[in-house]
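Engineer: Take this structure, written in structure tokens, and hold onto it; I'll ask about it next.
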Amino acid sequence: MKVKLKSNKEKDSVDESKPTVLESGTQGAEDDFDFDQMQMLRTENGNKWNHGTWCKPSCIPITVILTLIVLVVLLPLLEHTNDKLLHTKANGSLYVCTDVCRMQLVESIPEGLDYPDGSPKFPSTYEAWKTLIGLANKSIDIGSFYWTLRGSDVYNHSSAWQGEKIFQQILNSGTQRKLRIRIAQNAPTQQQPNLDTEYLIKRKAAEVSANMDWRSLTQVKELGVLATNCTCLAKDIMKIFTVYWTMGKNNSHIPAHWPDELSTKINIVTPLRVRVNGEYDFKIFLSSSPPPMSPRGRTQDEEAIVKTILRAEKFVHISVMDYFPLMIYSPKLQYWPLIDDALRKAAIEHKVSIKLLISWWNHSRPAEDHFLHSLQSLSGSYKGVDIQVRRFIVPSTEDQAKIPFGRVNHNKYMVTDNTAYIGTSNWSGDYFVNTAGIGFVLEDPEYERNGTEETIRTQLASIFERDWNSRYAVDLKDP
């Protein structure tokens, strides 16, 4: 089935030489629908970007909550305010943000997933969304895979109350507070008909060009970053949102060159220097995928991941739902070893300790274990080579097990001894080559890495250690 997104009447200066629409994907029997099995960007003859390409910006995960600064989920963009960002060079390699940004990690911890007293604990995604919506003065821009905020959308359950409240808050923001609300979402499918956004349109509460899901608040383990008072970052992520919004219009096209106003100077080479929480200056940039939807200057998501791995000096800790060195959604299975090679190189050549915490749930593919065993088998092959793998299992009661596509660790992050990376993509090649996704990369100040100071990076490291050492993390099964 091939469908188009709803459009609005705005016009953007994009090249219309390459017609693109959004198409729903298909999977084989073993690929039960999962909220992250995106509609891949592909042509009818393969994954080539040319005339007749089918475009699907869909990998903003189940609640988009990675939220990349929660921005991708709910972004009160502080309007297109006065230019608070002074793009002045510092030491010839950084751009300086003059805002005093506030940032904090946020989590969704599924009901029934309990940790011992004293374990790291952070504000909830629900509270973060409420905060962002409440802070908006003029506009809210939302990019997501799909919308199922109300219990009636998927499965009526008592734990849907948080999603119901967020939906009502968004509705009131559009109808009562008269905020401009724009939603860039994936094309609706039978599995995700996007009844929520259709209702918002009928009530004239929003424009829709989505994955907002109540399960991501109470039944799925998620992680994101909440950023407020950070116009410099909001403006940069707004450029990514504008790409999605543009591609959501009828008869939209991927241009040969995106407009200059969507290009960025903030990337892995020239990151943004940001004062966070009034204490430390961090180097921050946003990455994106796939290449055809990344305007000039934007670092590619897989490059951000690979270079973060190779720049680690002591450890690399990874928590993702899926890990495959393959293109698993392409018509023909393909080997895609970029990240896998980087991990092996870091462990063997740099003697960096590697830990992978990979989800295990009803929709995990058994073949994944073979690739994880392949990595772990290198541990001890030479002195100093250390690669460990565990599976994270979210337990379910009989009642919780009835909730479709719930009870899973949906995190997608990596933390090293110097950098934190939080992304929206599972780690298989399709997500970086054919699917729209973004990453948030924060590097700690060099003079603080060996201290006792608490930063976003050290907090992320503490979350990983909490989960790795919990009763929910189990060793790989013997092959």
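Engineer: Could you tell me the center-to-center distance, by alpha carbons, between the stretch 272-302 and the stretch 200-271 in angstrom?
Structural biologist: Spelled out, the Cα-based centre of one part sits 14 Å from the other.
Engineer: Okay, moving on. Ordered by packing density, taken as the mean number of other Cβ atoms within 10 Å over each peptide's residues, highest first, how do 230-238, 417-425 rank?
Structural biologist: Working: 230-238: 23.0, 417-425: 25.0.
Order by mean packing, descending: 417-425, 230-238.
Engineer: Here's another thing I want to ask about it. If you put +1 on each Lys and Arg Cβ and -1 on each Asp and Glu Cβ, how big is the dipole of the stretch 67-475 around its Cα centre, in Debye rounded to 20?
Structural biologist: On the way: 45 positive and 45 negative charges, 176 e Å.
Result for the stretch 67-475 is approximately 840 debye, rounded to the nearest 20.
Engineer: Can you work out the FRET efficiency for the pair residue 303 and residue 478, with r the C-beta to C-beta distance and R0 = 41 Å, to the nearest 0.05?
Structural biologist: Step by step, r from the Cβ atoms, then E = 0.70.
Engineer: Which whole-Hz ³J(HN,Hα) couplings does the stretch 375-386 yield from phi under the Karplus relation 6.51 cos²θ - 1.76 cosθ + 1.60, θ = phi - 60°, glycine and proline marked x?
Structural biologist: Values, residue by residue: 5, 5, 5, 6, 4, x, 5, 9, 4, x, 8, 9 Hz.
Engineer: Using a Förster distance of 41 angstrom, determine the FRET efficiency expected from the C-beta separation of residue 158 and residue 388, and round it to 0.05.
Structural biologist: For R0 = 41 Å, the calculated efficiency reads 0.60.
Engineer: Measure up 249/332; 314/355; 130/235; 355/383 against 19 Å on the Cα-Cα distance and list the ones that go over.
Structural biologist: On the way: 249/332 30 Å; 314/355 12 Å; 130/235 21 Å; 355/383 17 Å.
Checking Cα-Cα distances, 249/332; 130/235 exceed 19 Å.
Engineer: Now for a separate question. Ordered by packing density, taken as the mean number of other Cβ atoms within 10 Å over each peptide's residues, highest first, how do 95-102, 406-413 rank?
Structural biologist: Averaged packing, sorted descending, gives the order 406-413, 95-102.
Engineer: Could you order the peptides 427-439, 343-355 from most to least packed, using the average number of other C-beta atoms within 10 Å per residue?
Structural biologist: Final packing ranking: 427-439, 343-355.
Engineer: Would you mind getting me the FRET efficiency between residue 459 and residue 191? Use the beta-carbon distance for r and R0 = 30 Å, nearest 0.05.
Structural biologist: Taking R0 as 30 Å, the efficiency between residue 459 and residue 191 is 0.30.
Engineer: Expected output is a single nm value to one decimal: the length gained when fully extending between residue 469 and residue 313, i.e. 0.36 nm times separation in residues minus the C-alpha distance. What is it?
Structural biologist: Between residue 469 and residue 313, full extension yields an extra 53.9 nm.
Engineer: Subtract the Cα-Cα distance of residue 100 and residue 180 from 0.36 nm times their separation in residues, and report this length gain in nm to one decimal. Before the final figure, lay out the partial values.
Structural biologist: On the way: separation 80, 0.36 × 80 = 28.80 nm, distance 2.60 nm.
Separation in residues times 0.36 nm, less the Cα-Cα distance, equals 26.2 nm.
Engineer: While we're on this one: Hey, if you put +1 on the Cβ of every Lys and Arg and -1 on every Asp and Glu Cβ in the stretch 67-475, which of 219, 254, 264 ends up farthest toward the positive end of that dipole?
Structural biologist: So the residue we want is 254.
Engineer: Please compute the Kirkwood hydrodynamic radius of the stretch 321-445 from all pairs of different C-alpha atoms, in Å with one decimal.
Structural biologist: That comes to 16.1 Å for the stretch 321-445.
The numbers here are math on the coordinates, done by the rules we state, and not lab data. Because the structure is predicted, anything quoted here is derived from the model rather than measured. Heads up, the Cβs are rebuilt from the backbone with ideal geometry, glycines too, and the neighbour counts pull from every protein chain shown.
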